[in-house]
Structure formats: structure tokens, C-alpha cells
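Okay, structure first, notes after.
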Amino acid sequence: MPIENSFRQNNFFISIDFTEKYVTIMLKKELVNEVSNELSLHKNDVTTALDIMLNTMESALKEDRRIELRGFGSFAVRKRKARCTKNPKTGTIMNIPERKTIHFTMSKSLKEALIKE
């Protein structure tokens with residue numbers, strides 16, 4: 001399944017292995033399983049905690065607040081300018097309005113850990 005199709009379906013975390021040129025995906029369910037096993041907690045409790053965390057992060061980003069997770073990275077909202085582009089299939093000019101996107105910057109320690117692997 002192409003990554004574009006997978007990306008639109010569910011909440012999941014994605015990791016890309018550039019050396020083998022394939023993509024592995026960690027679903028929310030797998031993350032919950034890992035955390036519940038590590039902390040010996042019930043999966044429902046971990047799911048609730050993760051949902052609260054994600055909802056809180058979503059609310060903060062909607063308010064244009066930056067989220068910093070020390071040792072992991074930061075999330076920030078960026079605005080993309082309005083632009084005109086040409087549809088390559090039909091040749092028509094399209095106006096794309098200004099929009100907001102989420103930008104992730106990994107921490108120095110995460111970057112170094114990924115380089116070492």
C-alpha cells in the first residue's frame with residue numbers, strides 16, 4: 001500500500017528506514033501496547049492518557065502555540081503563502097489559498113541517536 005494512502009487512513013506514527021528503502025509504520029495500537037507492557041498498565045488507561053495528550057497538543061497547535069518535548073523535538077504551526085500553480089494534467093491555472101501546516105523539528109539528541117544507528 002502506498003504511503004500516501006496509508007497516511008490518510010488512521011492515527012499512526014511513521015518511521016522511515018532510508019537504507020532499506022521501505023517504510024515501517026507504528027500504529028497507535030502498537031504504541032499503546034508498547035507503553036502498557038513497559039509500565040504494566042492496562043491498555044485502556046494508556047489509550048486514555050494518549051488520547052488526552054494528543055487532544056491537548058491539538059488544542060495548543062490550534063491556538064498557534066509551540067509544543068516542546070525535550071529530548072524528542074518540537075511542533076509548531078507555520079503558514080504557507082497563497083500561490084498560483086499549473087495543473088500538469090489539464091494545464092489550468094489554480095489558486096491555492098494560504099494555509100497552516102505543522103512543522104516538526106527533532107531535538108539534537110534524537111538527531112544524534114538516529115545518526116548512530
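Derivation of every value follows stated rules applied to the coordinates shown; laboratory data play no part. Predicted model, so just to flag it, every value in this text is computed and none were measured. Every residue, glycine as well, gets a Cβ built from its backbone with ideal geometry; the counts of neighbours run over all protein chains shown.
Given Cβ point charges of +1 (Lys, Arg) and -1 (Asp, Glu) and nothing else, what value in debye, to the nearest 20, does the dipole of region 65-117 about its Cα centre take?
Values: 15 positive and 4 negative charges, 60 e Å.
Around 280 debye, computed over region 65-117.
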> So if R0 is 25 Å, what FRET efficiency would Ala60 and Glu38 give, r being the distance between their Cβ atoms, rounded to the nearest 0.05?
Replying inline: 0.45
> What lysines sit close enough to Lys81 to cross-link, taking a C-alpha to C-alpha distance under 25 Å and skipping anything fewer than 8 places away on the same chain?
Replying inline: Lys62, Lys89, Lys100
>> Could you tell me the relative contact order of region 65-117? Use alpha-carbon pairs under 8 Å, at least six residues apart, and round to a whole percent.
In response: 38
>> Quick check: from the Cα gyration tensor, does region 65-117 come out rounded (a/c under 1.5), prolate or oblate?
In response: oblate
